[in-house]
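The numbers here are math on the coordinates, done by the rules we state, and not lab data. Just so it is clear, the model here is predicted, and its values are computed rather than measured. As a convention, Cβ positions derive from the backbone with ideal geometry for all residues, glycine included, and neighbour counts pool all protein chains shown.
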Amino acid sequence: MVQQKKTPSKSMDAMSVEEARAIIIKPYITEKGFNLIESHNTIVFIVGRNASKHAVKAAIRTLYETEVLEVNTMRGIRGKKAMVKFAEDEGARNLATTLGLV
């Protein structure tokens, strides 16, 4: 049996800005979304249809240079959404301020 050499796959950590922008489409802000920012340190984003949790985490790290603690995804009427919880205590509020959401 001949073993094939595995080619090293591209790491999600080495994501380009263009790839990250294809994954993170835009923030999804509603009244409930503002409550999540304040109470749970979480921001909701509309993401690409095929975006995985790992890809969303890497894209947030690439675009906004902040660490993500947890990502939950769901499909909705407006497309696929990702609830991103930040590692830093005020991470969601700081990013929301930077993005002009608050």
Item checked: Within-11-Å neighbourhood charge of Val84 [Cβ basis; K, R +1; D, E -1] -> +3
Notebook entry, point to check: How big is the equivalent ellipsoid of the chain along its three axes, where each semi-axis is √(5λ) from the Cα gyration tensor, reported in whole Å from largest to smallest?
Noted result: 29, 15, 12
Check: Which GluC sites (Glu not before Pro) does the stretch 18-71 hold that lie in a coil by DSSP with at most 14 other beta carbons within 10 Å?
Finding: Glu65, Glu67
Margin query: So, R0 is 22 Å and r is the distance between the beta-carbons of Glu90 and Glu31; what FRET efficiency does that work out to, to 0.05?
Written below: 0.60
Check: Between Arg21, Arg49, Arg61, which gets the highest mean-square fluctuation from a Gaussian network model of the chain, Cα cutoff 10 Å?
Finding: Arg49
Check: How large is ³J(HN,Hα) for each residue in the stretch 20-33, as worked out from phi by the Karplus curve 6.51 cos²θ - 1.76 cosθ + 1.60 (θ = phi - 60°), to whole Hz, x for Gly and Pro?
Finding: 5, 5, 6, 8, 8, 7, 6, x, 10, 10, 10, 4, 5, x
Next item on the list: Starting at the first residue of the stretch 50-59, write each ³J(HN,Hα) from the Karplus equation 6.51 cos²θ - 1.76 cosθ + 1.60 with θ = phi - 60°, in whole Hz, x for Gly and Pro.
Entry: 9, 6, 8, 4, 5, 5, 4, 4, 5, 5
